[in-house]
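Peer 1: One structure, pasted below without further comment.
All of the numbers you see were taken from the coordinates with simple rules; none came from a lab. Keep in mind it's a predicted model, so treat the numbers as computed, not measured. Here the Cβ positions follow ideal geometry from the backbone for every residue, glycine too, while neighbour counts run over all protein chains shown.
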Amino acid sequence: MRSLREYEKIVGTAVLNQLEQLAGNLTGLKVVHVNSTKSGGGVAEILAWMIPFMQELGIETAWEVIKGDGTFFNVTKTFHNGLQGQPVNLLPSQIKAYEQTSAENAERLRPILEAADMVFVHDPQPAFLLRLCPNRQGTWIWRCHIDASHPSRSVWKYLRPLLEGYDASIFSMAEFSKSLPHPQFLIAPSIDPLSEKNIELKQREKNEIRNRFSLDPKRPILTQISRYDRFKDPLGVIEGYRLIRKFTPVQLVLAGGGADDDPEGAEVLRQVEEAAAGDPDIHVLSLPADAHLTINALQRLSDIIIQKSTREGFGLTVTEGLWKGKPVIGGDVGGIRLQVINYHTGFLVNSPEGMSQRVRYLLNHQNMMQIMGIKGREFVRENFLLTRHLREYLTLMVGLRRGFTDRLIAAA
Amino acid sequence: MTRNRENNRSRRSKVEVTPFQIMDCALIVRITDQLPALNLREFRERVADCPFDSIYHHFCETVIRPSFDDPEFHNDFARWARRALHDHVLAERLEIINPYEFADLEELRKVVLDILDDRLSEIHFIPWALHNRQFFFHSATTVIFDTSLTIDSPEHLCTAISQMTTGSLYYHFWEARRRTPEHTDDFTEWLRGWDGEGARMIKALSKIDFYYMSLRELQRTLVELSDKICGNGARP
């Protein structure tokens, strides 16, 4: 287990002192985070470092995961898709299954949730727990990690009354927020620079991955790392790659794994494999949830990182790519817009054609790729490392505890 | 940040100067109750009655929140006019506003409204943003805390500034203008108590065009200046 002090070389002493000073205002607080999976996906990755670091800072923090069967996660995937704008029809039987499983989870979690001073509920999967904890003492905050700006009507009609009961909510971007009768805060997520996914690698380790997947060291590599999810548009990436191949012999890596709470991944992966069939330069990789070092090496071996999503919460794979000094070509949606700045850290695109045009431009302007890489890394260092993320959570918690005004004087 | 009396080249004035207390701050950004604006007319209406905190945030706090330091636009209003409405003229007029020129935020609001009204009277159609490019009005809560660190004399400014967080820099250089009597930075206020290098440093600080700098650029500039003017060769 890492200590926060290990980040000193990356962010500086003062930044860590700042966290300790803020946390000093939260002594004695009992905090619980609830989500739907221990591994797979950005939320689990964030909680995996956030919980121990909050504990290290002296805040009593617990992480609880709701349990459910395939039916339950099919319903929550419907919520997820619906919130991100896919037309879905929520059936009464699905609602019943969702509420039933939530009730089973509440039986197990009620004592700790009702006793907590602050409960952070991540995404819609565990959202119903609020209704099942009538004797709750603390402040309940709904943390939305996805782009809920244009939700499906049936899903929002069901979820909205549930979410209205929360005391506050957090979104990654204002554009994702909804009209809700409580304060809404903005906190962008972050990456852990010392995690297996982001730590510096030796050349030997990168070569091992290159050989394992038979990647040609002489030709450019384009990589999209993401779950096999329609919103990540892996088929659009293949289409863009085919347009590039008319001019440049690039290689494409599509790599991702499943998450426990995503039952659709297998079907999307099958479609991607079908689209890539017969082309030895498209590498479709289905990786286990813990293949962090492999993903790290693939990103570092790449010339350009692609994240051509059509909907995106924040896009931590973009942050990871920028941190590794790579230009990123990303879909002009969601949190990718916060990170990919045209001509500075990469390019935003809206179609396979746009992707192919920008890749060809960059491959012909290697100098610009290098400058973008340097800018991207510094941009992430200042804004999207876990220390900033932690600082904002602590600031929010100080505000929730003390009451919000434009200026709050905290204890030293 | 301890004081080296032997190397202290700045002379104190008659009044005993208390050490500079290094403060730090952190922001949490909040979405206001104001409806988002989808076109220029709506934007004008919202600016007219949005809270002062929101105007302050979109002009002065852009530098501290986690976002790309846009080299072109330094306030959110100008950026939105350019990137979402594609109105280059309006963007340039809004960008040139220096929010620190005004005595209070109501005056700043009036200037912004004047520019918006002028533009609305000049154009023959209302520019619209795409639905996913609406302008959301934000405000922020600043949590301020004492780092327990002090600067005893101008000689130690250079080292102290080089070790500050962006939160400290923001608090002492930007946010200070909101609370100091002469709307200046905290270093200037403190250096008034010092003769010699202190006075020269005040003059140099007044010439910094900080509004067009990121906090890291400002830090580099302050380190260079303080080393040049007050330094004792101890530059980090």
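Peer 1: Under the 0.36 nm per residue contour assumption, what length would be gained going from the current alpha-carbon distance of A:Asn74 and A:Met368 to full extension?
Peer 2: Extending this stretch completely gives an extra 101.4 nm.
Peer 1: Right, another one. On full extension of the chain, what length is gained from B:His183 through B:Lys228, given 0.36 nm per residue of separation minus the C-alpha to C-alpha distance?
Peer 2: 13.7 nm is the gain from fully extending B:His183 to B:Lys228.
Peer 1: Follow-up. By how many degrees, between 0 and 90 and to the nearest 10, does the Cα long axis of helix A:203-212 differ from the longest principal axis of chain A?
Peer 2: 80 degrees
Peer 1: Between A:Leu298, A:Gly325, A:Phe314, whose Cα lies farthest towards the positive end of the dipole of segment A:210-351 when Lys and Arg beta carbons carry +1 and Asp and Glu beta carbons carry -1, centred on the Cα centre?
Peer 2: Among A:Leu298, A:Gly325, A:Phe314, the one farthest towards the positive end of the dipole of segment A:210-351 is A:Gly325.
Peer 1: How big is the gap, in Å, between the Cα center of segment A:268-337 and the Cα center of segment A:355-392?
Peer 2: Measuring centre to centre over Cα atoms gives 15 Å.
Peer 1: List the residues of segment A:334-352 whose backbone N lies under 12 Å from a point placed 7 Å from the Cα of B:Leu130 along the Cα-to-Cβ direction.
Peer 2: Within reach of a label on B:Leu130: A:334, A:337, A:348-351.
Peer 1: In addition: Evaluate segment A:203-383: find the radius of gyration of its Cα atoms, find its Kirkwood radius, and give the ratio Rg to Rh.
Peer 2: We get a ratio of 0.93 for segment A:203-383.
Peer 1: For segment A:319-412, place one equal point scatterer on every Cα, skip the solvent, and apply the Debye formula. What is log10 of I(q)/I(0) at q = 0.11, 0.20, 0.24 Å⁻¹?
Peer 2: -0.45, -0.90, -1.14
Peer 1: Now for a separate question. To the nearest 0.05, what FRET efficiency results for A:Lys96 and A:Ser154 with a Förster distance of 22 Å applied to their C-beta separation?
Peer 2: Between A:Lys96 and A:Ser154 the formula returns 0.90.
Peer 1: Can I ask one more? How much FRET efficiency would the formula 1/(1 + (r/R0)^6) give for B:Gln21 and A:Thr13, where r is the Cβ-Cβ distance and R0 is 22 Å, rounded to 0.05?
Peer 2: After rounding to 0.05, the efficiency reads 0.75.
Peer 1: Quick check: from the Cα gyration tensor, does segment B:91-146 come out rounded (a/c under 1.5), prolate or oblate?
Peer 2: In terms of gyration-tensor shape, oblate.
Peer 1: Among the chymotrypsin sites (Phe, Trp or Tyr not before Pro) within segment A:328-412, which fall in a DSSP loop and have no more than 14 other Cβ atoms within 10 Å of their own Cβ?
Peer 2: Those that pass, being in a loop and sparsely packed, are A:Tyr343.
Peer 1: Same structure again: Send over the per residue convex hull volume for the protein assembly as shown, Cα only, as a whole number of Å³.
Peer 2: 166 Å³
Peer 1: Same structure again: Between A:Glu208 and A:Ser351, what is the label-point separation in nm under the 7 Å Cα-to-beta-carbon projection?
Peer 2: 4.4 nm
Peer 1: Something else now. Is the C-alpha gyration tensor of segment B:148-230 telling us rounded, prolate or oblate? Criteria: a/c under 1.5 is rounded; beyond that, a/b larger than b/c is prolate, otherwise oblate.
Peer 2: Verdict is rounded for segment B:148-230.
Peer 1: In terms of the Cα gyration tensor, with a ≥ b ≥ c the square roots of its eigenvalues, is segment B:33-136 rounded because a/c is under 1.5, prolate because a/b exceeds b/c, or oblate?
Peer 2: Rounded is the answer for segment B:33-136, as its axis ratio a/c remains below 1.5.
Peer 1: Can you compute the FRET efficiency between B:Glu45 and A:Met1 using 1/(1 + (r/R0)^6), with r the Cβ-Cβ distance and R0 = 45 Å? Round to the nearest 0.05.
Peer 2: According to the calculation, E is roughly 0.25.
Peer 1: What percentages make up the Cα-Cα pair-distance distribution of chain B when the bins are 5 Å wide from 0?
Peer 2: Using 5 Å bins, I get a P(r) of 1, 6, 13, 17, 16, 13, 10, 8, 6, 5, 3, 1, 0, 0 for chain B.
Peer 1: What Rg and what Dmax come out for segment A:1-141 when only alpha-carbon atoms are used, in angstroms?
Peer 2: Taking only Cα atoms of segment A:1-141, I get Rg and Dmax of 17.5, 54 Å.
Peer 1: How many angstrom lie between the C-alpha centres of segment A:1-65 and segment A:188-202?
Peer 2: When both Cα centres are located, 15 Å separates them.
Peer 1: How large is ³J(HN,Hα), in whole Hz, for each residue of segment A:187-201 in order, when computed from phi with the Karplus curve 6.51 cos²θ - 1.76 cosθ + 1.60 and θ = phi - 60°, using x for Gly and Pro?
Peer 2: 9, 7, x, 7, 10, 9, x, 9, 6, 4, 6, 10, 5, 4, 10
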